[in-house]
Amino acid sequence: MTRPGDTPMPLNTEPNLARPDDFYEALIDMHRDLSDAQSQSANAQLILLLANHIGDLAILQEAMTHARAGVLARAGRQPAADPAAAA
Amino acid sequence: MTETNYQTQRFAYQPCAEQRAPQPGAGAHAVHPVAVIGAGPVGLAAAIDLAQQGVPVVLLDDDCTLSVGSRAICFAKRTLDIFDRLGCGARMVDKGVSWNVGKIFFDEELVYSFDLLPEAGHARPAFINLQQYYVEGYLVERAAELPGIAIRWQHRVAGLAQDGDAVTLDVETPDGRYALRARYVVVADGARSPVRQCMGLESKGRTFRDRFLIADVKMSAPFPSERWFWFDPPFNRNQSVLLHRQPDDVWRIDFQLGWDADPELEKQPERVIPRIHALLGEDAAFTLEWVSVYTFSCQRMDRFRHGRVLFAGDAAHRVSPFGARGANSGVQDAENLAWKLALVLAGHAPDALLDSYAGEREFAADENIRHSTRATDFITPKTPVSRVFRDAALSLARDHAFARRLVNSGRLSVPAVLHGSVLNTADDADAWGAPPFAGFMVPGAPCADAPVREGGRDTWLLPQLGNRFALLLFVGPAGLPPAMLDALRALAAGPVPLALVCVATPADAAQGPVLPPGASLLEDTQGWLARRYDGRPGTAYLLRPDQHVCARWRAFEPARVQAALRRALGWPEGAGAAAEAAA
């Protein structure tokens with residue numbers, strides 16, 4: 001039970017992937033030979049498929065909150081991030 | 001017999017009593033109980049409903065014609081149920097094109113189709129398509145059959161003032177101006193609502209930066225009676241198209257144009273005709289009936305009630321056309337208001353009952369606007385990423401059922417469930433805290449129909465409920481015990497009309513159950529009524545005159561029914577019967 005003032009935390013952000021490296025490779029591989037537009041579409045379809053599998057709106061909203069916060073936090077730290085610099 | 005041409009019909013201006021008689025001073029003329037402004041579908045429905053409730057109505061319209069050209073075409077099942085109660089539903093359905101099936105296309109291919117009325121056991125189809133001028137024409141003819149409705153064509157309301165007793169309308173006619181007094185005024189004069197403007201009131205919201213071309217074309221075509229919606233088809237790239245069949249071989253085609261389109265240019269036949277050929281094929285033979293380019297808004301007034309003035313239909317709220325929620329929700333406004341006005345005017349209910357009109361229909365308008373706005377955002381994505389998700393949902397929809405629930409070409413009009421209305425009495429929880437009923441007939445829900453047999457005749461539930469309060473009682477083979485019969489007799493003898501409608505299985509009905517005097521007995525021939533209302537012997541539903549559920553119980557207790565009835569009439573909690581008698 002949650003107490004007043006508590007924020008329910010239904011989204012599992014603890015390690016949960018059985019084979020994380022295999023998953024990551026498959027995710028990148030999903031985009032092989034796709035144009036940027038096709039990759040965007042594939043990502044969007046993947047999100048919709050997974051969202052339906054999860055089903056619970058509270059979990060999805062929390063994931064979306066994390067995703068948006070992550071982008072905004074990074075934008076605050078590194079206004080002109082250059083991906084090539086990390087290579 | 002030739003059919004009336006409602007598009008060219010003209011209604012003669014006639015002077016009225018207020019103009020003819022000299023007006024030496026105030027009080028020379030009777031105060032009308034209700035004046036309705038605007039003889040469109042909403043104003044006409046309100047006037048007919050009021051007249052059927054026994055309230056005389058003056059209906060004022062600034063024009064002398066019915067709807068011209070392309071306007072509302074889709075009338076939903078709930079609206080047809082209301083038209084049935086108003087006495088002209090059959091005519092609408094006979095003339096209209098009935099449809100239940102919609103198809104969604106993306107690019108060149110069919111993605112999926114849907115059936116809006118997948119269940120049997122309904123008198124009316126999910127929708128009919130019928131040009132607005134037929135709807136108005138049939139309503140005008142129905143109004144003419146009723147005593148107590150005076151339609152005054154070319155009587156334009158130019159001003160309005162209200163005091164504690166009545167509203168005074170300043171009415172302009174070809175013969176000059178006169179003053180009309182009415183205790184209440186229903187304003188149903190359309191989206192631009194001159195009356196709303198002259199009262200200095202606003203309807204506020206969002207206007208969408210997009211343009212649509214409507215072409216109503218006449219042709220003999222092999223298309224079925226279905227709603228076809230294309231996203232991004234080859235014949236209108238990056239935009240949507242809607243094709244819909246109307247009576248008289250007229251087809252509604254709605255092309256999305258985008259915000260940058262020139263509305264004057266796009267209306268020209270030399271621009272419109274090639275678009276239609278691209279859709280129908282180069283060989284298609286058709287004639288243009290009506291062409292217009294429109295933009296739309298989703299907006300509403302902050303409050304639908306201003307003292308004795310009540311706003312309804314587009315005057316009070318506007319939506320985009322996707323979902324057919326304009327005219328349908330307006331007719332529902334009218335029926336929500338009519339019985340309340342009748343009971344307040346008769347002194348059976350307090351003025352506060354009219355506040356519930358505003359509260360319930362503002363709630364319904366918000367729901368309609370929310371659906372309409374979401375559909376518009378799907379049809380017209382506002383950002384590149386919104387477009388990516390839209391197309392992703394469409395791509396998935398062909399093979400995956402879940403994605404079909406995301407595709408939004410307009411969530412087609414269903415009536416609002418009036419959750420949280422002050423007129424509702426909440427369900428009791430059972431001994432374990434669980435809700436005592438399954439199904440959709442919660443307090444505030446519009447009544448679902450069901451096939452029944454009454455007096456040996458096959459008919460439907462809704463016509464048996466009529467336009468007064470009704471107590472729907474599920475009974476077993478023995479019927480009701482004597483104590484309950486006395487209590488029901490007392491309830492039915494109260495000042496507010498209450499119909500007693502009993503329901504039994506055909507087998508139980510054959511046993512001759514004991515019923516209260518004056519009650520009707522419906523045989524639930526196919527079990528739809530018991531299923532839809534989760535009914536079993538002992539179950540009781542209190543239903544409003546507009547056929548919404550106010551309260552329900554597993555066991556009939558007269559005091560609780562009486563309390564729920566008082567609540568549904570807008571009386572304050574705990575006020576004694578004396579207050580009711582004094583009103």
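The values are calculated or read from the model by the stated rules, or taken from the named source; none is laboratory data. The model shown is predicted, which means the values in this text are computed figures rather than measured ones. Here Cβ is always computed from backbone atoms with ideal geometry, including for glycine, and neighbour counts include all displayed protein chains.
Could you tell me which residue of the range A:27-38 is farthest from the other protein chains (Cβ to nearest Cβ), considering only residues that are more than 15 Å from the chain's Cα centre (by Cα) and not in a loop (DSSP other than H, G, I, E, B)? Of everything passing the filter in the range A:27-38, A:D29 is farthest from the other protein chains (Cβ to nearest Cβ). Scanning the range A:32-48 for residues that are surrounded by 15 or more Cβ atoms within 10 Å (Cβ to Cβ) and either touching a residue at least 60 places away in the same chain (Cβ under 8 Å) or more than 17 Å from B:A403 (Cα to Cα) (or both) returns a single hit, A:Q40.
Considered as a group, the residues in the range B:46-102 that are within 18 Å of the chain's Cα centre (by Cα), surrounded by fewer than 20 Cβ atoms within 10 Å (Cβ to Cβ) and of a type in the set (A, V, I, L, M) include one that is farthest from B:I214 (Cα to Cα), and that residue is B:A90. Inclusion of B:R325 among residues that are crowded, with 22+ Cβ neighbours inside 10 Å, within 26 Å of B:I253 (Cα to Cα), more than 14 Å from chain A (Cβ to nearest Cβ) and among the charged types (D, E, K, R) is warranted.
Pairing residues of the range B:373-393 that are farther than 11 Å from B:L406 by Cα and within 14 Å of chain A (Cβ to nearest Cβ) with residues that are buried (at least 20 other Cβ atoms within 10 Å of the Cβ) and not hydrophobic (A, V, I, L, M, F, W, C), at Cβ distances under 6 Å and at least 6 apart in sequence or on separate chains, gives B:P381/B:R390. Of B:D399, B:D427, all but one fail to be within 14 Å of chain A (Cβ to nearest Cβ) and surrounded by fewer than 17 Cβ atoms within 10 Å (Cβ to Cβ); the exception is B:D399.
Against the condition in contact with a strand residue (DSSP E or B) (Cβ under 7 Å, 6 or more places away or on another chain), in a helix (DSSP H, G or I) and surrounded by 20 or more Cβ atoms within 10 Å (Cβ to Cβ), how does B:S413 come out, does it pass? Explain how you work it out, then say what you get.
On the way: in contact with a strand residue (DSSP E or B) (Cβ under 7 Å, 6 or more places away or on another chain): yes; in a helix (DSSP H, G or I): no; surrounded by 20 or more Cβ atoms within 10 Å (Cβ to Cβ): yes.
For B:S413, the condition - in contact with a strand residue (DSSP E or B) (Cβ under 7 Å, 6 or more places away or on another chain), in a helix (DSSP H, G or I) and surrounded by 20 or more Cβ atoms within 10 Å (Cβ to Cβ) - is not met.
The residues of the range B:361-394 that are of a type in the set (A, V, I, L, M) and within 30 Å of B:A334 (Cβ to Cβ), listed by number, are B:A364, B:A365, B:I369, B:A375, B:I379. If you go through the range B:153-163 and keep only what is buried (at least 22 other Cβ atoms within 10 Å of the Cβ) and either within 23 Å of the chain's Cα centre (by Cα) or not hydrophobic (A, V, I, L, M, F, W, C) (or both), you end up with just B:H155.
Of the helices (runs of 4 or more DSSP H) lying entirely inside the range B:182-290, the ones with 2 or more residues being surrounded by 15 or more Cβ atoms within 10 Å (Cβ to Cβ) and at pLDDT below 95 are found at B:269-280.
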